[in-house]
Amino acid sequence: MKKITLLFSFLLVSLAGKAQVVVSQGFDTALVWSSTTITNDAGATVAAWSRKTAGTAPTCAPSSGAGMAKFDAYDIPAGGTGRLTSPAITFAGLDYKVKFKMYRDTGYSTNTDNVKVYINTAANLTGATLLGTVNRSVTLAPAEAAQGWYSYAFNLPTGTTGTNYIIFLGTSDYGDNIYMDEVSVEQIQANDAQMKLLNMNSFIVNGATTVTGDIKNLGLATITSADINWQVDSGAIHTQTFSGLNVANNQSYTFTHQDVWNATPGVYSMKVWVSNINNGATDADATNDLLTKQISVVNEIFPKAVTFEEGTGTWCGWCVRGHVGLKDMYHNHPDGTFIGVAVHNSDPMTLAEYDTAMSGFISGYPSGIINRVHSEVDPGLDSLEPAYQAELAKVPLAKIGITNQSWDSASRLISLDIETKFALDMTTANYNVAAIIVEDGVVGTDTGYDQHNYYSSQGIDIIDWEGINWRDLGSPIPAADMVYNHVGRALLGTFAGVSGVIPAAVVYNTPYTYNFTYTLPAEYVETNIHLVAIVIDNATGQVVNAKEVALDTTLGVSNFKKGAFTLYPNPTKGTFHINTEEVVNVEVTDILGKVVATAKNVTKDSSIDVSSLLEGVYLVKMSNDKGVATDKLIIK
């Protein structure tokens with residue numbers, strides 16, 4: 001809860017007595033602090049800072065209370081700056097610090113949008129003293145592990161006296177917006193230890209687990225000893241005294257607790273706190289001593305695929321960046337861990353349901369979302385790659401696959417079974433499943449398929465992995481020269497997915513299956529179709545895991561007599577045979593459509609070795625001049 005505020009949410013506290021907080025500002029009812037103006041990218045003069053109750057680009061809520069301050073870096077051209085300045089503050093010659101919370105996000109990860117904190121005797125920067133800098137991107141200094149609100153504090157010059165102003169200078173690099181909240185100026189106390197960080201993943205494999213983290217000294221006195229405590233749920237409290245420390249003001253210490261947690265599968269609340277600093281000294285602020293983190297312990301780490309849904313349109317000249325970004329990501333990550341979907345807006349490829357759903361996540365074009373996390377990600381490779389890596393590092397509780405698919409060329413009916421499994425038993429699971437139909441190689445003849453290209457008209461290089469410089473392709477790029485890939489054609493189960501497929505009580509490694517069907521329109525090319533299966537956390541709307549496979553148009557197509565062949569043993573642990581009177585060529589593919597084994601001129605006396613393949617479901621395609629047939633093979 002924010003500290004109680006008076007008079008426009010701005011509190012000036014007398015320094016007489018034992019007051020610790022000099023100024024507190026939560027932006028709950030008004031901005032109160034003064035903002036300079038600036039010209040945005042639309043040519044309008046706007047306030048650089050404003051009060052918001054909800055954030056976009058990135059999507060976020062206030063750290064606490066009803067409001068927060070926003071620096072409009074998303075709409076201010078690179079290099080633009082704006083000041084947020086406090087009212088006059090009177091200091092009495094003690095030791096002070098300015099504290100604030102800032103929302104750090106993963107979008108535009110290399111863009112150096114930042115806030116610099118100054119103190120000055122005038123309400124401007126002439127002769128001001130720089131206290132510190134915080135970048136918006138979590139990958140830049142000070143680096144943070146994940147997107148979210150973080151606390152920062154910078155000391156004022158020792159013995160500050162008289163009237164001064166605190167000034168936040170926002171600088172745009174044309175990335176995401178910057179949000180700040182819970183600003184205060186406080187007297188620095190002698191003893192103040194903070195449990196800064198718990199260095200434990202939210203998802204871990206069962207077994208011996210080390211408890212480790214960081215404490216930070218926010219007080220003036222050097223920390224020479226401290227107790228570190230941890231507790232899982234309401235279990236036993238584990239305490240270790242760390243002595244011989246030398247943690248000075250604003251310095252941190254990384255600890256590893258001597259007691260190991262023998263974690264078993266389940267979902268737990270891990271509490272870690274610091275106490276008994278300097279052998280009994282009173283901690284001036286007990287509110288920052290404790291961190292609590294939910295940790296899911298799983299039986300195994302499932303493979304992961306990351307989805308990127310990109311808002312794009314042929315009318316959008318900067319959306320060329322998305323064509324290059326998705327093309328390069330698929331080239332750089334051919335292992336199936338990256339899945340891209342181009343969600344078109346106001347052009348002939350628009351799918352209204354998908355386009356409407358995307359409008360709740362993005363505020364402009366080109367833009368997109370990784371795993372439907374509420375933070376916009378630019379489709380340029382320098383933003384897309386680190387955002388993909390950050391999501392790939394998250395351990396999924398579920399895995400999803402397409403265990404069966406069929407294609408009827410006469411009716412153009414696609415049928416696919418989606419199978420979901422979980423890494424641990426749960427009693428309160430809340431997940432949905434959905435599928436997306438995606439088409440590559442989309443072409444058109446009318447002008448609606450012309451791709452506008454500002455890189456050409458602005459003379460800016462944008463080169464893909466093949467060495468093609470899209471600057472040289474003109475503006476617009478005529479429809480005859482454009483091929484659109486990864487086009488989102490249909491949502492099966494709606495954008496939010498189908499509920500009720502996965503029960504609340506799930507059992508580790510138990511399959512939960514759901515069938516989707518879809519009739520492919522005649523104008524869509526079946527050989528260019530991909531099927532994307534996703535499992536969605538229904539509480540957050542985020543994509544937990546995904547799988548992409550090509551539509552196999554050979555499934556169900558056969559000129560062989562019924563029962564002309566069988567696979568045995570099936571399941572197999574190493575080799576299999578084909579019981580057939582035909583001589584065939586054999587191709588074994590995984591569920592992504594990748595060929596993993598082949599054999600020529602196979603007869604009933606032949607054996608095919610698949611011992612090098614991982615456990616799972618594979619498709620065995622047999623062909624000769626009489627036809628093609630496909631069957632499923634299970635390797636255990």
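The values are calculated or read from the model by the stated rules, or taken from the named source; none is laboratory data. No experiment lies behind these values; they were computed from the predicted model shown. All Cβ positions, glycine included, derive from the backbone under ideal geometry; neighbour counts span all protein chains shown. With ligands, DNA and RNA removed, areas are computed over all heavy atoms of the protein, side chains included. Shrake-Rupley method; radii C 1.70, N 1.55, O 1.52, S 1.80 Å.
Key figures for this structure:
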quantity	calculated
Candidates VAL343, VAL438, VAL377, filtered to the one that is aliphatic (A, V, I, L, M), within 24 Å of TYR518 (Cβ to Cβ) and in contact with a helix residue (DSSP H, G or I) (Cβ under 7 Å, 6 or more places away or on another chain)	VAL343
Residue identified as on the phi > 0 side of the Ramachandran plot and open to solvent by less than 50 Å² (accessible area, probe 1.4 Å) among GLY80, GLY127, GLY93, GLY107	GLY93
Selection count, the range 260-290, where residues are within 24 Å of PHE203 (Cα to Cα), open to solvent by 50 Å² or more (accessible area, probe 1.4 Å) and not in a loop (DSSP other than H, G, I, E, B)	4
ASN164 being more than 27 Å from the chain's Cα centre (by Cα), within 30 Å of VAL232 (Cβ to Cβ) and either open to solvent by less than 10 Å² (accessible area, probe 1.4 Å) or touching a residue at least 12 places away in the same chain (Cβ under 8 Å) (or both)	no
Hits in the range 447-497 (condition: among the β-branched types (Val, Ile, Thr), open to solvent by less than 30 Å² (accessible area, probe 1.4 Å) and part of a loop (DSSP other than H, G, I, E, B))	ILE462
Given (1) over 22 Å from HIS374 (Cβ atoms); (2) buried (at least 22 other Cβ atoms within 10 Å of the Cβ), number of the condition ALA342 does not satisfy	(1)
Scope the range 204-224; condition open to solvent by 20 Å² or more (accessible area, probe 1.4 Å) and under 23 Å from GLU186 (Cβ atoms); matching residues	ASP214, LYS216, LEU220, ALA221, THR222
Selection count, the range 1-31, where residues are in a loop (DSSP other than H, G, I, E, B), open to solvent by less than 50 Å² (accessible area, probe 1.4 Å) and either over 23 Å from ILE89 (Cβ atoms) or modelled with pLDDT of 50 or more (or both)	5
Scan of the range 298-323 for residues that are outside any loop (DSSP other than H, G, I, E, B), open to solvent by 10 Å² or more (accessible area, probe 1.4 Å) and more than 17 Å from ILE370 (Cα to Cα), ordered by number	TRP318
Selection within the range 553-576 - surrounded by 17 or more Cβ atoms within 10 Å (Cβ to Cβ) and at pLDDT 90 or above	THR572, PHE576
Enumeration of residues in the range 233-247 that are exposed (fewer than 13 other Cβ atoms within 10 Å of the Cβ) and on the phi < 0 side of the Ramachandran plot	SER234, GLY235, ALA236, ILE237, THR241, SER243, ASN246
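Yes/no matrix, rows are residues, columns are (1) closer than 22 Å to LEU218 by Cβ; (2) in a loop (DSSP other than H, G, I, E, B); (3) without any contact (Cβ under 8 Å) to a residue 60 or more places away in the chain:
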position: TYR118; (1), (2), (3): yes, no, yes
position: ALA123; (1), (2), (3): no, yes, no
position: THR126; (1), (2), (3): no, yes, yes
position: LEU131; (1), (2), (3): yes, no, yes
position: VAL134; (1), (2), (3): yes, no, yes
position: LEU140; (1), (2), (3): no, yes, yes
position: GLU144; (1), (2), (3): yes, yes, yes
position: TYR152; (1), (2), (3): yes, no, yes
position: PRO157; (1), (2), (3): yes, yes, yes
